[in-house]
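Accompanying notes for the structure given below.
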Amino acid sequence: IQKSLSETFGADKYSRARKEVLTYMFSRPMQMALYFCTGVLDDETLFHHYALNVPFYTHFTSPIRRYADIVVHRLLSASLGASFPIKMEKEAIQKQADHCNDRKMASKRVQELSADLFFSIFVRVRP
């Protein structure tokens, strides 16, 4: 896709912006990753990562970035015996995962609306 976009839009001063906008628009329909507590799901195929083709997958970044990452770090640490077990029921962990998913989706929606607004302004002011 990247090569096709580069060839299609040439090298004028707006080609990079057009390419970035279309790349963003192509990636929008992709399914977002969701946080969930494995203890509440019976179907282990839901743990599969399609793009990486691995049967069991978890994702986290630095625990200073997002609350969901703090929870994953604590659970992983406890499961490896490096810290005490977390004193939370799996349903409570799932409730937090649902809240994180809701906030992430709301944030993504605002980001999309903002991009749509600025793209509309960009198109409107360009001849």
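Brief remarks follow.
- Solvent-accessible surface (1.4 Å probe) assigned to His99 amounts to roughly 110 Å².
- Springs join every pair of Cα atoms under 10 Å in this Gaussian network model of the chain, and among Met25, Met88, Met105 the largest mean-square fluctuation is at Met88.
- Label point distance in nm, Ala78-Thr8, each placed 7 Å from Cα along Cα→Cβ: 4.8
- Phi-derived couplings, Karplus 6.51 cos²θ - 1.76 cosθ + 1.60 at θ = phi - 60°, listed residue by residue for region 40-47: 9, 10, 8, 8, 5, 5, 6, 7 Hz, with x used for Gly and Pro.
- Taking N as the residue count of the chain, its C-alpha radius of gyration divided by 2.2 N^0.38 Å amounts to 1.44.
- Here region 56-127 has 63 percent of its accessible surface on carbon and sulfur atoms, given a 1.4 Å probe and all protein chains in place.
- Counting only protein heavy atoms and a 1.4 Å probe, the chain has 81 square angstrom of accessible area per residue.
- Compared with the dominant principal axis of the Cα atoms in the chain, helix 67-79 is inclined by about 40°.
- Distant-in-sequence amide H partners of Tyr35 (H built 1.01 Å from N, under 5 Å): Asn101
The values are calculated or read from the model by the stated rules, or taken from the named source; none is laboratory data. Just so you know, these numbers come straight off a predicted model, no measurement behind them. Cβ: placed from backbone, ideal geometry, glycine included. Neighbour counts: every protein chain shown. Side chains are part of the model used for accessible areas, which takes the heavy atoms of the whole protein and leaves out ligands, DNA and RNA. Shrake-Rupley method; radii C 1.70, N 1.55, O 1.52, S 1.80 Å.
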